[in-house]
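Quick notes on the structure that follows.
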Amino acid sequence: MHDISKDGLIAGSAYKSPSLDVNGVILLPAELAVDYNRDGIVTLSKDATSSTDSDRTTQQKPFQFWSNDDDDGIFSSLQETEEDDLEITNTQNEDWRNNVIDVTRDLEDFARLHLNIGGMHDAFKNGQLHLGFKWTDTNGTNPAIKLYRATDADGGTGYLNNVNAANTQSFEVAIVDARHPAYSGPPWASNYTVIGTGDFFVLPSLQSINLSATNPTLRFVFEGCTTGKGQLKLVILKQESGTYTEIGEGPGVWMDIKKPHEFIQRWTCGDGSLTPVQPVQFVASKSGAFSAPTKDEERDLVLYIHGYNMLADWEKQRWIETTYKRLYLLGYKGRVGGFTWPCVLDNGSQFDPSEELAWQSGAELRSLLATLKGQGYRVHVLAHSMGNVVMGEALRLAGVNSELVTTYVASQAAIAAHCYDASLPDRTDFTPSTPNVYGRYWTSGQSQSLPETWGSLSPSYLAPTYTQGSARKFVNFYNPQDWALTGNGLNILPGADDGSQTGWLTNQRLKPNNGYDYVSFGGFRENPLFNISPRWFEFPNDRFTIFPYCAEARSVALGAVSTGGVFAGSEVNLFSAPINYRNQHIYHSAQFRSFYAQRWQYWHMILDTCQLFPRDQP
């Protein structure tokens, strides 16, 4: 070694095999880095204060990220326009295949890549030398990414969690290999934006124009294109007569690009539209391969349970993946799964048949949760809308002090609040025609067919008598103005959000449904106007028919009110800051929709509630 410059350049000599000629060499202190430890900061080795602070990757510990294979766009219906996942009907619609950031939601499928080139910034700025990238050690796989200039001046996470920064980043286009023409033809059309295996990629000199001694770092965001594992290396290139020649190779970042479904686990008891409930099973084709948890952080499993009227099975899958992505972006390092059940698909008029299947699905969910607990998981359930019917039944079956799950978050729950707390006031907007079997439920020894004989001492269906200790912690995420839960009219016109829209309250006060009846001398039955030999229903065996089709709820929904019971003193008002949900339709499932910068507060609250210690966001 001959000399070290103040910029860290090392000048020296090296023997060139096989001639053993002595050649002068310059060692460039360059580095590629990602946010491997997911603390929100891309830390270069020179800046690391400890091994845990470093974002160094290895072949055994690559940076794992997902391919951008969804289709983020604008979803429009009669009631709303919102950024959302769209159905992939053609693989050419996968977001990575174009060279633009379609909408700001697309940015949650991007990660950061920083490149520090030390003291040779002038050589790259004036075109004497060029920077490039290549993949090595891919072992027959084909990882590929696309780079975009990061618009956050500090290379931070503003593009994710700040609305203005996200909007600015969304105007960037994918960087084109310098050996090929810039964009031509249709807007942003180029076949030379993918950094894939087989050849190096030349970074245009324009990307280096702002380099200086005080600013030696280039900052990018990237999206995963095709899957595979390997080392993305920096290469130093020289251009002669239009030809780029590799003259040096720098350090690299180990990456493992996977399909989004490989990061989650999915179980189901049926995924057809209103098909019979089946024994719970693991859906291997829509899940990753996971070994038993070994690290303590791997023992945490957030399990999402969807509501009714999903558009199709693809939407069930995307919302599980969205749950994973949005928790990942907050630094969560545990696991994420989903439990799916056979609700109606894309037919809002089939609420009651879906509710019947939700109650029936509870036993299968309980079986799954018992298995997961036995495998050493701390399960944190996030149930949405009617998914809380499934979860409520699972916990009742598990019983008092079973501690089936660590945390149960009931989010926007479409279930009668009287199920948990009979002391809540009755609704006054209608005259009920059926007994309150949610707030005063049958107990052993009482009449199985005459609820009016049960008396006021009978506990509610999901009272602490039956559910206390079935979860270590219960939390009610409610919105007192939730569009779906507070709708109490018959207005089906688009845009109704003043309570006149048809909703959960409407559904409850119009029971018993056609074909069903209640008479005080005999109880719940099939209506004899529709059946010559009506069947009479009894508790508890027929409760999954009585609840969805016959019995009016006299309370509002759990997801629209502060309540007692097992939820006493443990709640989050989604209408209040910082969540700020409102009374429009989109807010009933807003956490899965829109884009991350608008929704991260909800997911931060989920992690905080489950004591999973989310990373703070600016």
The percentage of the accessible area of the chain (probe 1.4 Å, all protein chains present) made up of carbon and sulfur atoms, to the nearest whole number, is 50
Counting only Cα, what are the radius of gyration and maximum Cα-Cα distance Dmax of segment 376-504, in Å? 16.6, 49
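Order the peptides 286-293, 521-528 from the highest to the lowest mean number of other Cβ atoms within 10 Å of their residues.
Details: 286-293: 14.0, 521-528: 17.0.
Highest mean packing first, the order is 521-528, 286-293.
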Average accessible surface area per residue within segment 234-368, 1.4 Å rolling probe, Å²: 36
In the neighborhood of Tyr549, defined by Cβ-to-Cβ distances under 15 Å, what is the net charge if each Lys or Arg adds +1 and each Asp or Glu adds -1? -3
Other-chain or far-sequence residues with amide H under 5 Å of Leu345's (modelled H): Leu274
Whole number in Å², please: accessible area per residue of segment 115-203, 1.4 Å probe, ligands, DNA and RNA not counted. 43
Give me the tail of P(r) for segment 307-413 as a percent: Cα-Cα pairs with distance above 17 Å. 55
Each residue of segment 425-433 in turn: what ³J(HN,Hα) in whole Hz from Karplus with 6.51, -1.76, 1.60 and θ = phi - 60°, glycine and Pro shown as x? x, 6, 5, 10, 8, 7, 9, x, 10
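Mind checking the dipole of the chain: about its Cα centre, +1 per Lys or Arg Cβ, -1 per Asp or Glu Cβ, Debye to the nearest 20?
Numbers: 48 positive and 68 negative charges, 227 e Å.
Magnitude of the dipole: close to 1080 debye.
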Unit charges at the beta carbon, dipole of segment 251-301: most positive-side option, Gly252, Val277, Leu301: Val277
How far is helix 596-609 tilted, in degrees, relative to the longest principal axis of the Cα atoms in the chain, given as a value from 0 to 90 rounded to the nearest 10? 60
Quick check on the chain: take the gyration tensor over C-alpha atoms, sort the square-rooted eigenvalues as a ≥ b ≥ c, and tell me if it's rounded (a/c under 1.5), prolate or oblate. prolate
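Can you tell me how segment 428-554 classifies by the Cα gyration tensor, rounded, prolate or oblate, using a/c under 1.5 as the rounded cut? Before the final figure, lay out each step's value.
Numbers: a/c = 2.35, a/b = 1.15, b/c = 2.04.
The shape class here is oblate.
Only Lys, Arg, Asp and Glu count, each charged at its Cβ (+1, +1, -1, -1), so figure out the dipole size of segment 477-618 about its Cα centre, rounded to 20 debye.
Computed charge dipole of segment 477-618: roughly 120 debye.
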Residue-wise HN-Hα coupling along segment 441-453, computed from phi with Karplus coefficients 6.51, -1.76, 1.60 (Hz; x: Gly, Pro): 9, 4, 10, 4, x, 8, 4, 7, 10, 10, x, 5, 9
Report, by chain and number, residues whose modeled amide H sits under 5 Å from the one on Glu83, excluding near sequence neighbours (fewer than 5 apart, same chain). Phe75, Ser594
Dipole-positive endmost among Thr217, Val163, His380 within the chain (Cβ charges, Cα centre): His380
Can you give the charge dipole size of segment 410-564 about its Cα centre, rounded to the nearest 20 debye, using +1 on the beta carbon of Lys and Arg and -1 on the beta carbon of Asp and Glu? 340
Out of residues 5 or more away from Arg378 or on other chains, whose amide H comes under 5 Å of its own, with H placed 1.01 Å from N in the peptide plane? Asp300, Leu301
Keeping all protein chains in place, calculate the accessible area per residue for segment 489-618 (probe 1.4 angstrom), answer in Å². 43
Rounded to one decimal in nm, the spacing of the 7 Å Cα→Cβ label points at Ile532 and Thr168 is 7.7
Using θ = phi - 60° and the Karplus relation 6.51 cos²θ - 1.76 cosθ + 1.60, list the HN-Hα couplings for segment 358-365 in order, rounded to whole Hz, with x at every Gly or Pro. 5, 4, 5, 6, x, 5, 6, 5
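The values are calculated or read from the model by the stated rules, or taken from the named source; none is laboratory data. All values derive from a computational prediction rather than experimental measurement. Backbone-built Cβ (ideal geometry, glycine too); neighbour counts: all protein chains shown. Remember, those area values only see protein heavy atoms, side chains included, never the ligands or the DNA or RNA. Shrake-Rupley method; radii C 1.70, N 1.55, O 1.52, S 1.80 Å.
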